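Enquirer: One structure is given below, represented as structure tokens, and several questions about it will come after.
What follows draws every value from the coordinates through simple rules; no lab data is involved. Please read these numbers as outputs of a predicted model, since none were measured by experiment. Please note: Cβ atoms are built from the backbone with ideal geometry, for glycine as well, and neighbour counts cover all protein chains shown.
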Amino acid sequence: MNLSFKIAKRYLLGKKSHNIINLISLVSVMGVFTGTMALIIVLSVFNGFGNLVISLYDTFDPDIKIVTAKGKTFDNATLDMSAIRSVPGVTYAAYTLEENGLVKYNDKQFIATIKGVDNTLINRTGIAQSVVSGTDKVEEGSRKNAIIGSGIAYSLGIHIEGDWSQLSIYMPDKKATSLTNPESAFRENDIIPGGVFSIQQDFDSKYVLVPVDFIRELAGETNRSSAVEVMINKNADEASVIAALKKISGEKFVVKSRLEQHEFMYKILHSEKWAVFLILSFIMVIGIFNILGTLTMLVIEKKEDILTLKYLGAPFLLIRNVFFYQGLMIAFTGIVGGLLSGALICYLQQTFGFVKLGNAESFVVEAYPVDMQLMDFINVFAVVFFIGAIASFVVSGHLVRKRYQA
């Protein structure tokens, strides 16, 4: 065993001549312990909220979306749908069309995004499980239904049960040439409000889902779509599927993964998490410098030992390393304890949900969501230990040099 480390271990575990030194050592360990535990808990909660938001988007979005590189819509004939559906790993693919329109119900109006889909896509994406009232099908035999976001339904005062009013949808007529009659500049069609879905505000206050043929007829886009939405097998290699789809679609189309469909949102979530990590790391610097007080008192207590070792021929580095290693052991003890305690608290929160959200009934979840990730533990250990090592190295070198040269 390294001599410096052996002496440092004896100093740390051995009885001190002054109880205050034991207390200061404990305070140093607890400072590192508390900061490390807080880092792990905060990062895990951020992971939980991030995963919750992503899961809500995943409920509405397909696994992969193919859109045109230029413009808003494309001719269906420019994509080989049979080739897309035959790609290994693809379980379903369908054309969709999105257009902005005015939705009118009785005497109330709302500007919404009208999205044309089919029943299979609704079931594959998970939208069907988010329908809170009425049917989860946009087509039932010859009947065509609109599935409306809960925010829009609330604004329009739509009641699915016991109300036979039709939902009127207006869209600009792209073929209109005369402006003398404003009414002729719009196309209008009615549809039955069949269901209401609730996912999250971004979708609930934006979308009305209708059969794709209905919106094509209304928009005058008979053979055009705005996207091909693709669902893949859970065990499929997404990268391989995307590569195959890019080869089929060519340069005129963009193939987007789930991440790329909401790239800005993912970047915001990632940036917020690491901004908090950075802020807490700076706070940890203050906590780590409690080690300064511990090492100062230890050097004062062991000043005779330092001189004895010096006269016996011990070099400066050996004596400095004694206190350097002691600082590392204090930091290491606090870090390991903080990581284990943080993991335990996160596990209990995951399992039992002790800490509830305020006004939980208005949220998707009742308790704070938590998700522990191995890389967070590695990063926290590395950062806190590095800060502790730097503090111990600087402080031990400065204090021992003064005693060694005395």
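Enquirer: How fast does the stretch 62-258 diffuse by Stokes-Einstein, in µm²/s, taking the Kirkwood radius from C-alpha pairs at 20 °C and 1.002 mPa s?
Expert: On the way: Rh = 17.6 Å.
The Stokes-Einstein estimate is 121 µm²/s.
Enquirer: Given a Förster radius of 30 Å and the C-beta distance between Ala69 and Gln109 as r, what FRET efficiency does 1/(1 + (r/R0)^6) yield to the nearest 0.05? The partial results should precede the final answer.
Expert: On the way: r = 34 Å, r/R0 = 1.14.
The formula returns an efficiency of 0.30 here.
Enquirer: Ignoring everything except DSSP H segments at least 4 long, calculate the 222 nm mean residue ellipticity for the chain; use -39,500 (n - 2.57) per segment, divide by total residues, nearest 500. Can you show the working numbers first?
Expert: Details: 14 runs with 215 residues, N = 406.
About -17500 deg cm²/dmol.
Enquirer: Measure nothing fancy, just the Cα-based angle from helix 3-13's long axis to the longest principal axis of the chain, in degrees from 0 to 90, nearest 10.
Expert: On a 0 to 90 degree scale, this one is about 80.
Enquirer: With the dipole of the chain worked out from charges on the C-beta (+1 for Lys and Arg, -1 for Asp and Glu) around the Cα centre, which of Asn235, Ile20, Leu245 lies farthest toward the positive end?
Expert: The one lying farthest along the dipole's positive direction is Ile20.
Enquirer: What is the Cα coordinate range of the stretch 265-370 on the first, second and third principal axes, sorted by size from largest, in whole angstrom?
Expert: For the stretch 265-370, the Cα extents along the three principal axes come out at 72, 30, 17 Å.
Enquirer: With the crude spin-label approximation of a point 7 Å out along Cα→Cβ, what separation in nm comes out for Leu318 versus Lys267?
Expert: Result for the modelled spin labels: 5.7 nm.
Enquirer: Quick one: helix 19-60 against the long Cα principal axis of the chain, what's the angle to the nearest 10°, folded into 0 to 90?
Expert: Rounded to the nearest ten degrees, it is 10.
Enquirer: In nanometres, what is the gap between the two model label sites at Thr351 and Trp274, each 7 Å from Cα along Cα-to-Cβ?
Expert: 3.3
Enquirer: At 7 Å along the Cα-to-beta-carbon direction for both Asn22 and Lys247, put a label point, then send me their distance in nm to one decimal.
Expert: 7.2
Enquirer: If you don't mind, there's one more thing I want to ask. Return the Rg/Rh value of the chain, two decimal places, where both radii are evaluated on C-alpha atoms and Rh is the Kirkwood radius. Kindly include the intermediate steps, with their values, before the conclusion.
Expert: Working: Rg = 32.0 Å, Rh = 26.3 Å.
With Rg and the Kirkwood Rh in hand, the quotient comes to 1.22.
Enquirer: A further question follows. Sort the following peptides by mean Cβ neighbour count (other Cβ atoms within 10 Å, averaged over residues), highest first: 323-331, 219-227, 300-308, 20-28.
Expert: Details: 323-331: 24.0, 219-227: 18.8, 300-308: 15.0, 20-28: 16.9.
Taking the mean over residues of other Cβ atoms within 10 Å, the ranking is 323-331, 219-227, 20-28, 300-308.
Enquirer: Give the lysines reachable from Lys310 as a straight Cα distance under 18 Å; neighbours fewer than 8 places away on the same chain don't count.
Expert: Lys6, Lys302, Lys402
Enquirer: Another one. Taking neighbour Cβ counts within 10 Å as the exposure measure, how do Val355, Val255 sort from fewest upward?
Expert: On the way: Val355 12, Val255 20.
By the 10 Å Cβ count, ascending: Val355, Val255.
Enquirer: Still on this model: To the nearest 20 debye, what is the magnitude of the charge dipole of the chain about its Cα centre, counting +1 on the Cβ of each Lys and Arg and -1 on the Cβ of each Asp and Glu? Walk me through the intermediate numbers first.
Expert: Numbers: 38 positive and 37 negative charges, 578 e Å.
Taking the Cα centre of the chain as origin, the dipole is about 2780 debye.
Enquirer: Report, to the nearest 10°, how far helix 290-301 tilts away from the longest principal axis of the Cα atoms in the chain, using its own Cα long axis and a range of 0 to 90°.
Expert: The angle comes out near 10 degrees.
Enquirer: For the stretch 62-258, with only Lys/Arg (+1) and Asp/Glu (-1) charged at the beta-carbon, what is the dipole magnitude about the Cα centre, in debye rounded to 20? If you can, show how the numbers build up before the last one.
Expert: Numbers: 23 positive and 25 negative charges, 128 e Å.
The calculation lands at about 620 debye.
Enquirer: Rounded, prolate or oblate: which fits the stretch 187-238, taking a ≥ b ≥ c as square roots of the Cα gyration tensor eigenvalues, rounded meaning a/c under 1.5, else prolate when a/b beats b/c? Provide the component values of the computation, followed by the final result.
Expert: On the way: a/c = 2.60, a/b = 1.34, b/c = 1.93.
Note, shape of the stretch 187-238 comes out oblate.
Enquirer: What's the ranking of 269-275, 256-262 by average number of surrounding C-beta atoms within 10 Å, highest first? Write down the numbers at each step before the final one.
Expert: On the way: 269-275: 13.4, 256-262: 16.0.
Descending packing order for the listed peptides: 256-262, 269-275.
Enquirer: Next question, about the same structure. Could you give the length gained on full extension between Asn119 and Leu52, defined as 0.36 nm per residue of separation minus the Cα-Cα distance, in nm?
Expert: On the way: separation 67, 0.36 × 67 = 24.12 nm, distance 2.53 nm.
Here the answer is 21.6 nm.
Enquirer: Cα gyration tensor of the stretch 1-159, axes a ≥ b ≥ c as square roots of the eigenvalues: rounded (a/c below 1.5), prolate (a/b > b/c) or oblate?
Expert: Prolate, since a/c reaches 1.5 and a/b exceeds b/c.
Enquirer: Further, regarding this structure: Report the extension gain between Asp237 and Lys303 in nm, rounded to one decimal, defined as 0.36 nm multiplied by the number of residues separating them, less their alpha carbon distance.
Expert: 17.4 nm
Enquirer: Another question about this same structure. Strictly over 21 Å apart at the Cα level, which of Lys137/Lys256; Lys137/Lys252; Lys9/Lys303; Lys70/Lys247; Lys104/Lys144; Lys234/Lys356 would you flag in this model? Write down the numbers at each step before the final one.
Expert: Details: Lys137/Lys256 26 Å; Lys137/Lys252 33 Å; Lys9/Lys303 17 Å; Lys70/Lys247 18 Å; Lys104/Lys144 17 Å; Lys234/Lys356 32 Å.
From Lys137/Lys256; Lys137/Lys252; Lys9/Lys303; Lys70/Lys247; Lys104/Lys144; Lys234/Lys356, over 21 Å: Lys137/Lys256; Lys137/Lys252; Lys234/Lys356.
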